[in-house]
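The values are calculated or read from the model by the stated rules, or taken from the named source; none is laboratory data. Because the structure is predicted, anything quoted here is derived from the model rather than measured. Glycine gets a Cβ as well: all are built from the backbone with ideal geometry, and neighbour counts include every protein chain shown. These area figures cover heavy atoms from the full protein model, side chains too; ligands, DNA and RNA do not enter into them. Shrake-Rupley method; radii C 1.70, N 1.55, O 1.52, S 1.80 Å.
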Amino acid sequence: MSEILVLVEHVDGEVKKVTLELLTLARSLGTPAAVWAGPGYGEPAKARLAEYGAEKVYLADSAEIVDYVVGPKAELLATLVAEKSPAAVLIAATPEGKEIAGRLAIKTDSGVITDAVGLSEGFVADQSIFGGGVNVKSRVTKGTPIIAVRPNSTAPEAAPGAAAEEQVTVTLSDAAKAAKVVERVKQEKGARPELTEAAIVVSGGRGVGSAENFAIIEKLADSLGAAVGASRAATDAGWYPHQFQVGQTGKTVSPQLYIAAGISGAIQHRAGMQTAKTIVAINKDPEAPIFELADFGVVGDLFQVVPQLTEEIEKRK
Amino acid sequence: MNIVVCVKQVPDTATERKLRSDDNTLDRDAADGVVNELDEYAVEEALRLKEAHGGEVTVLTMGPDKAADTIRKALAMGADKAVHLVDDALHGSDALSTSYAMAQTLKKIGFDLVILGSESTDARTGVLAAMLAERLGVAQLTLANKVEVEGSAVTIQRVTDYGYDKVQGSLPAVISVVEKINEPRYPSFKGIMAAKKKPVQKLGAAEAELAADQIGLGAAWSEVTEAAAAPPRAAGTVVKDEGDGGVKTADFLSSKKFI
Ligand SMILES: Cc1cc2nc3c(=O)[nH]c(=O)nc-3n(C[C@H](O)[C@H](O)[C@H](O)COP(=O)(O)OP(=O)(O)OC[C@H]3O[C@@H](n4cnc5c(N)ncnc54)[C@H](O)[C@@H]3O)c2cc1C
Ligand SMILES: Cc1cc2nc3c(=O)[nH]c(=O)nc-3n(C[C@H](O)[C@H](O)[C@H](O)COP(=O)(O)OP(=O)(O)OC[C@H]3O[C@@H](n4cnc5c(N)ncnc54)[C@H](O)[C@@H]3O)c2cc1C
């Protein structure tokens, strides 16, 4: 079976969950080969990639690869596409992942599909578009299919692979080095999982009422090991930082469980969460459109319902 | 500084958006066309840079005739002139074709800085700025929530999962902006009147010197093979809180094995 390249997402030497999902998907369609770009590779990473079925690991672990924006990773992948003729390239559909996919598509004269939520035989991708209102199937018709897959599109399944390492060297062009990262600023993140990767997301909206009140949303999230999200009404009001906004102009999340508290369910909010597998809504207005999506809804005051739910979860753990 | 800001017309999110049943491309007649929201932030950033450093702001739009409304809106905000890339041959272009057509046009009209939104609200591919940087061979300064220009040096804050990266490049460059970089201005009455007289150059595929085998549905590198309205979600259970709403929610979560 032909090789499918999977660009590894990693942080501090740890492989991110979305990569395990992509390896799982790749395994159903070919032989997964992981591509590691940048420093941080070591035994833990290798073990993880092997556990989830990577037969090969292409290693380009020089610092230079991450010192410049997007260009180097696209050049690395283009080199591998030329040398290994893979059946497809899978990249996580994060904002940066999509940019890499875009540049790679041009370099290799290949089509690109973004935000796939599923992938089947012949690299036919499922896309959920227009805020979840329309489902389409699409495929690349020229070159090597380059597919940016949304986190949480598939459940990662372990299956051992050899993870045979092969060093790859790329000589970066000047164009790839045109945008230099001069400083990385880490803002407090806490122990919560990343919003786009999290299996469970708990979001608060205008109904939460203030920045202080977001503590009750955070408590519920922590009881479930969830990430915290917010509607635009809440981020615009300054109650919660903008990077946690879910929706059309914020993050797109596709978790197993999405809990919306004090969120009406405007179309622009739904655009960012409609592909969640299970949706729970807590809202005092029985007419709120969020209930149309909800698998389970409570009409009530979130200041009563949310703390009680948190307490109950803690009790049952 | 010669700034080109890319503005896309998109169907209003508040109306029902669909694909055409004949060729699975966006049905641009079914919904009202509006300026892609993030592009208003791009226009605003362009105007601020012009106000600080001098120069000219040109709007570049690729789209059907009715996209002229969108161009007027950007001109009313304060842009100086516009280029409207319009040709039936462009219909159905995918991201590769669109970036090709826009890059060709940019080479033709010239630029120091190209500013885009980071994503459109209809297709949401989020690839165009990176593709333009690749095609034009210039610095990719994308996903910016802050932009600073000093001489020929451009520094941005690029939004990341963990915060931001400070990224440097030099002109010419391609920038994309995220929401909250600024507060877009509303066009004033004076601005709206003035916009009517501002020059809009219409370019067809031939005038932009676009190769026929690189544009439109026929040239696309990808295709939509099926499209269907998403099946409605199965109706869920909605309960009224009688003092036990939290407990009932916990029961539901337990039944789904989340607890
Ligand atoms: C171009 C564009 C892009 C946009 N992008 C986004 C986006 O990315 N993300 C996004 O979220 N929005 C976005 N919006 C805004 C969107 O249209 C809505 O305005 C926004 O989602 C509303 O947020 P909300 O549901 O928190 O507030 P509201 O609509 O005001 O709803 C608040 C809800 O809380 C309920 N409530 C109040 N108090 C309580 C209580 N004590 N207990 C229980 N329930 C209570 C109310 O019944 C109400 O249903 C965008 C809008 C536009 C035009
Ligand atoms: C639902 C849907 C899904 C699609 N999926 C794919 C796909 O997976 N792969 C693919 O190759 N094509 C896809 N397309 C085609 C794609 O929409 C077009 O190629 C489009 O012109 C560029 O994509 P975008 O709007 O997503 O750009 P984005 O990269 O999201 O837009 C970023 C910015 O680019 C600028 N811009 C974009 N288009 C124009 C324009 N016409 N004129 C001026 N400025 C512009 C704006 O500043 C905008 O803010 C899809 C189209 C639709 C409707």
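Which is open to solvent by less than 10 Å² (accessible area, probe 1.4 Å), under 23 Å from A:Ala60 (Cα atoms) and in the same structural domain as A:Leu23 (by TED's automatic domain parsing), of A:Ala74, A:Ala116, A:Ala125?
A:Ala74 is the lone residue from the list that is open to solvent by less than 10 Å² (accessible area, probe 1.4 Å), under 23 Å from A:Ala60 (Cα atoms) and in the same structural domain as A:Leu23 (by TED's automatic domain parsing).
Going through B:Lys73, B:Lys108 one at a time, which residue ends up being modelled with pLDDT of 95 or more and surrounded by fewer than 21 Cβ atoms within 10 Å (Cβ to Cβ)?
Selected residue: B:Lys108, the only one of B:Lys73, B:Lys108 that is modelled with pLDDT of 95 or more and surrounded by fewer than 21 Cβ atoms within 10 Å (Cβ to Cβ).
Collect the residues in the range A:277-317 that are without any contact (Cβ under 8 Å) to a residue 40 or more places away in the chain, touching a strand residue (DSSP E or B) at 6+ places or on another chain (Cβ under 8 Å), more than 7 Å from chain B (Cβ to nearest Cβ) and surrounded by 16 or more Cβ atoms within 10 Å (Cβ to Cβ), keeping them in residue-number order.
A:Ile279, A:Ala281, A:Ile282, A:Ala288, A:Ile290
Conditions (1) of a type in the set (Ser, Thr, Tyr); (2) under 15 Å from the mean Cα position of the chain (by Cα); (3) over 30 Å from A:Tyr240 (Cα atoms), marked per residue:
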position	(1), (2), (3)
B:Val138	no, no, yes
B:Thr142	yes, yes, no
B:Asp165	no, no, no
B:Ser188	yes, no, yes
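Having 2 or more residues that are of a type in the set (Val, Ile, Thr), farther than 12 Å from A:Ala230 by Cα and outside the structural domain of A:Val117 (by TED's automatic domain parsing) is the bar; report the strands (runs of 3 or more DSSP E) wholly within the range A:241-299 that clear it.
Once the strands (runs of 3 or more DSSP E) in the range A:241-299 are filtered for at least 2 residues that are of a type in the set (Val, Ile, Thr), farther than 12 Å from A:Ala230 by Cα and outside the structural domain of A:Val117 (by TED's automatic domain parsing), what remains is A:278-283, A:296-299.
Kindly provide the set of residues from the range B:158-174 that are facing chain A (nearest Cβ under 8 Å) and crowded, with 18+ Cβ neighbours inside 10 Å, ordered by number.
Within the range B:158-174, B:Arg158, B:Val159, B:Thr160, B:Asp161, B:Tyr164, B:Asp165, B:Val167, B:Gln168, B:Gly169, B:Ala173 meet the criteria.
Is it the case that B:Thr58 is over 26 Å from B:Ala220 (Cβ atoms), more than 10 Å from every other protein chain (Cβ to nearest Cβ) and either away from ligand 1 (no atom under 16 Å from the Cβ) or open to solvent by 10 Å² or more (accessible area, probe 1.4 Å) (or both)?
Judged against the criteria, B:Thr58 is a match.
Tell me which strands (runs of 3 or more DSSP E) are completely within the range B:1-93 and hold 3 or more residues being hydrophobic (A, V, I, L, M, F, W, C), or say none if there are none.
B:2-6, B:56-62, B:81-85
Within the range A:166-193, which residues are open to solvent by less than 90 Å² (accessible area, probe 1.4 Å), outside any loop (DSSP other than H, G, I, E, B) and touching a residue at least 12 places away in the same chain (Cβ under 8 Å)?
Result: A:Glu166, A:Ala175, A:Ala176, A:Lys177, A:Lys180, A:Val181.
Output the residues belonging to the range A:138-167 that are within 14 Å of chain B (Cβ to nearest Cβ) and closer than 19 Å to A:Ala92 by Cβ.
Within the range A:138-167, A:Ser138, A:Val140, A:Thr144, A:Pro145, A:Ile146, A:Ile147, A:Ala148, A:Val149, A:Arg150, A:Pro151, A:Ala155 qualify.
For the range B:135-154, how many residues are within 8 Å of another protein chain (Cβ to nearest Cβ) and open to solvent by less than 30 Å² (accessible area, probe 1.4 Å)?
6
State yes or no: is A:Thr154 over 16 Å from A:Ile100 (Cβ atoms) and open to solvent by 20 Å² or more (accessible area, probe 1.4 Å)?
It is true that A:Thr154 is over 16 Å from A:Ile100 (Cβ atoms) and open to solvent by 20 Å² or more (accessible area, probe 1.4 Å).
For the range B:33-56: of the residues being charged (D, E, K, R) and within 16 Å of ligand 2 (Cβ to nearest atom), which is farthest from B:Ile3 (Cα to Cα)?
B:Glu37
Listed here are the residues, each with its yes/no results for (1) more than 10 Å from chain A (Cβ to nearest Cβ); (2) outside any strand (DSSP E or B); (3) farther than 30 Å from A:Val70 by Cα.
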| residue | (1), (2), (3) |
| --- | --- |
| B:Ser176 | no, no, no |
| B:Lys180 | no, yes, no |
| B:Lys198 | yes, yes, yes |
| B:Arg233 | no, yes, yes |
| B:Val238 | no, no, yes |
| B:Asp251 | no, yes, yes |
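Here is a yes/no grid of residues against (1) within 14 Å of chain B (Cβ to nearest Cβ); (2) touching a Gly at 6+ places or on another chain (Cβ under 9 Å); (3) part of a helix (DSSP H, G or I):
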site: A:Pro32; (1), (2), (3): no, yes, no
site: A:Ala47; (1), (2), (3): no, no, yes
site: A:Ala50; (1), (2), (3): no, yes, yes
site: A:Tyr58; (1), (2), (3): no, no, no
site: A:Ala78; (1), (2), (3): yes, no, yes
site: A:Leu104; (1), (2), (3): yes, no, yes
site: A:Asp109; (1), (2), (3): yes, yes, no
site: A:Thr114; (1), (2), (3): yes, yes, no
site: A:Gly118; (1), (2), (3): yes, no, no
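Across the range B:57-70, what is the number of residues that are within 16 Å of B:Val114 (Cα to Cα) and either β-branched (Val, Ile, Thr) or more than 9 Å from ligand 2 (Cβ to nearest atom) (or both)?
Looking only at that region, the number is 4.
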